[in-house]
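**Q** Here it is, the structure in full.
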Amino acid sequence: MPIPEPWTGVMADVSAVWSAEPGIDLLTGPAVIVRAYVESHALATAMGTDDVVYPGFTRAVLSPAETGEVPGIPWPEATGPLPYPLVGTEREHILRIDRADREVTAMVCSYSRYTASYDLGNGNYGPYPGGGDDDGVVAMQLTMTAPATSSNPAPPQRGPSRAPSDDVFGKWRIDSRRLDLITAEPEWPTAAEDRQACRDRAPDPLERRKFLRQGEHPRSDYPTLPAYPGWPAAPPS
């Protein structure tokens, strides 16, 4: 059986669109690692296989065996493809990136729960991953370890491709991934504040977000926007 390509199958009609707070460069440095990790995790989870993660992911991301019982296991649960194809846009926003020596913490706002949906068939599109009373906003905390020594910087990671052809992880390591999903116990001390900051920066107002998280909708409610900033085109073979 051939190895699947990223952004095919149930993810063929989905794109990733990123934004960031002023001062955060999406094209270089730790933001590139964040983009590559979040997109890889989403692809593996949706398509149900680790084969679709980006080059370098399997080396850079701690596996469940390495993390043990520590909360925030960063490895995706690739147990099988989603029951329906997805359509729409994975909207992500980097709220901040904090660094203390080699320890780097990134806060990411994810809006994909209302900007993407299941293709249920017969022209019907429904909320992913299932509807609810939430507003489709999730705050995500990623902890990473930067390389011990600096290397030659990679060229700016922007272009027409939806996935990188080269290893952009380098010697970075992804240590944990935590989500704030309105649980009784916050995942980290500032989770509530971070989630509110993510809500304040959402691309759509609260009423629209909640509307898209319930019931069935036309395809036009979940447009597949051009990927941004995308990845450099693969060199000619």
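The values are calculated or read from the model by the stated rules, or taken from the named source; none is laboratory data. As the structure is a prediction and not an experimental result, all values here were calculated from the model. Neighbour counts run over all protein chains shown; Cβ positions are idealised from the backbone, glycine included.
**Q** Being modelled with pLDDT of 95 or more, buried (at least 17 other Cβ atoms within 10 Å of the Cβ) and out of contact with any helix residue (DSSP H, G or I) (no Cβ under 8 Å at 6 or more places or on another chain) narrows it down to one of R162, R201, R209, R195, so name that one. Let's see the steps before the verdict.
**A** Values: R201 fails: buried (at least 17 other Cβ atoms within 10 Å of the Cβ); R209 fails: out of contact with any helix residue (DSSP H, G or I) (no Cβ under 8 Å at 6 or more places or on another chain); R195 fails: modelled with pLDDT of 95 or more.
Answer to the check: R162.
**Q** Would you check which residues across the range 218-237 are more than 19 Å from the chain's Cα centre (by Cα) and crowded, with 16+ Cβ neighbours inside 10 Å and list them? Before the answer, list the steps.
**A** Taking the range 218-237 and keeping what is more than 19 Å from the chain's Cα centre (by Cα), we get 218-221, 233-237.
Selection gives D221 alone.
**Q** Only one residue in R213, R219, R199 is basic (K, R) and either farther than 21 Å from D133 by Cβ or without any contact (Cβ under 8 Å) to a residue 40 or more places away in the chain (or both). Which one?
**A** Details: R213 fails: either farther than 21 Å from D133 by Cβ or without any contact (Cβ under 8 Å) to a residue 40 or more places away in the chain (or both); R199 fails: either farther than 21 Å from D133 by Cβ or without any contact (Cβ under 8 Å) to a residue 40 or more places away in the chain (or both).
So the residue among R213, R219, R199 that is basic (K, R) and either farther than 21 Å from D133 by Cβ or without any contact (Cβ under 8 Å) to a residue 40 or more places away in the chain (or both) is R219.
**Q** Of everything in the range 138-159 that's within 22 Å of C109 (Cα to Cα) and aliphatic (A, V, I, L, M), which residue is surrounded by the most Cβ atoms within 10 Å (Cβ to Cβ)? So that I can check it myself, show each step before the final result.
**A** Restricting attention to the range 138-159, the residues satisfying the condition of being within 22 Å of C109 (Cα to Cα) are 138-146, 157-158.
Going one step further and asking which of them are aliphatic (A, V, I, L, M), we end up with 138-140, 142, 144, 146.
On the way: V138: 18, A139: 26, M140: 23, L142: 24, M144: 24, A146: 18.
Restricting to residues being within 22 Å of C109 (Cα to Cα) and aliphatic (A, V, I, L, M), the top hit is A139.
**Q** Among the residues of the range 80-126, what is the count of those that are acidic (D, E), surrounded by 22 or more Cβ atoms within 10 Å (Cβ to Cβ) and either under 15 Å from T8 (Cα atoms) or modelled with pLDDT under 95 (or both)? Talk me through it step by step, then tell me what you get.
**A** Filtering the range 80-126 for residues acidic (D, E) gives 90, 92, 98, 101, 103, 119.
Keeping just the survivors that are surrounded by 22 or more Cβ atoms within 10 Å (Cβ to Cβ) gives 90, 92.
Filter again for either under 15 Å from T8 (Cα atoms) or modelled with pLDDT under 95 (or both), leaving 90.
So the answer is 1.
**Q** Restricting to the range 29-74, give me the number of residues that are surrounded by fewer than 22 Cβ atoms within 10 Å (Cβ to Cβ), in a loop (DSSP other than H, G, I, E, B) and either within 15 Å of the chain's Cα centre (by Cα) or not polar (S, T, N, Q) (or both).
**A** 11
**Q** I'm checking my understanding of the structure. Among residues of the range 75-112 that are polar (S, T, N, Q) and in a strand (DSSP E or B), which one is farthest from A148 (Cα to Cα)? First the steps, then the outcome.
**A** Step one: filter the range 75-112 for residues polar (S, T, N, Q), giving 79, 89, 105, 110, 112.
Subsequent filtering for residues that are in a strand (DSSP E or B) retains 89, 105, 110.
On the way: T89: 35, T105: 16, S110: 30 Å.
By that ranking, first place goes to T89.
**Q** Which ones in the range 1-23 are out of contact with any helix residue (DSSP H, G or I) (no Cβ under 6 Å at 6 or more places or on another chain) and part of a loop (DSSP other than H, G, I, E, B)?
**A** Scanning the range 1-23 gives M1, P2, E5, W7, T8, A12, E21, P22, G23.
**Q** Based on what the data block shows, is A12 surrounded by fewer than 16 Cβ atoms within 10 Å (Cβ to Cβ) and at pLDDT 95 or above? It would help to see each step written out before you state the result.
**A** Details: surrounded by fewer than 16 Cβ atoms within 10 Å (Cβ to Cβ): yes; at pLDDT 95 or above: yes.
Spelling it out, A12 is indeed surrounded by fewer than 16 Cβ atoms within 10 Å (Cβ to Cβ) and at pLDDT 95 or above.
**Q** Another question, if that's okay. Report whether or not G170 is more than 26 Å from V14 (Cα to Cα) and in contact with a Ser or Thr (Cβ under 9 Å, 6 or more places away or on another chain).
**A** Working: more than 26 Å from V14 (Cα to Cα): yes; in contact with a Ser or Thr (Cβ under 9 Å, 6 or more places away or on another chain): yes.
So G170 fits the description; yes.
**Q** Here is a follow-up. Specify the residue that is surrounded by the fewest Cβ atoms within 10 Å (Cβ to Cβ); the eligible residues are those in the range 165-184 that are touching a Phe, Trp or Tyr at 6+ places or on another chain (Cβ under 9 Å) and farther than 17 Å from A31 by Cβ.
**A** Checking each candidate, the answer is S165.
**Q** Identify all residues within the range 212-230 that are more than 17 Å from I94 (Cα to Cα) and either touching a Leu at 6+ places or on another chain (Cβ under 9 Å) or outside any helix (DSSP H, G or I) (or both); write none if there are none. Working first, answer last.
**A** Filtering the range 212-230 down to residues more than 17 Å from I94 (Cα to Cα) leaves 212-226.
Those that are more than 17 Å from I94 (Cα to Cα) and either touching a Leu at 6+ places or on another chain (Cβ under 9 Å) or outside any helix (DSSP H, G or I) (or both): R213, Q214, G215, E216, H217, P218, D221, Y222, P223, T224, L225, P226.
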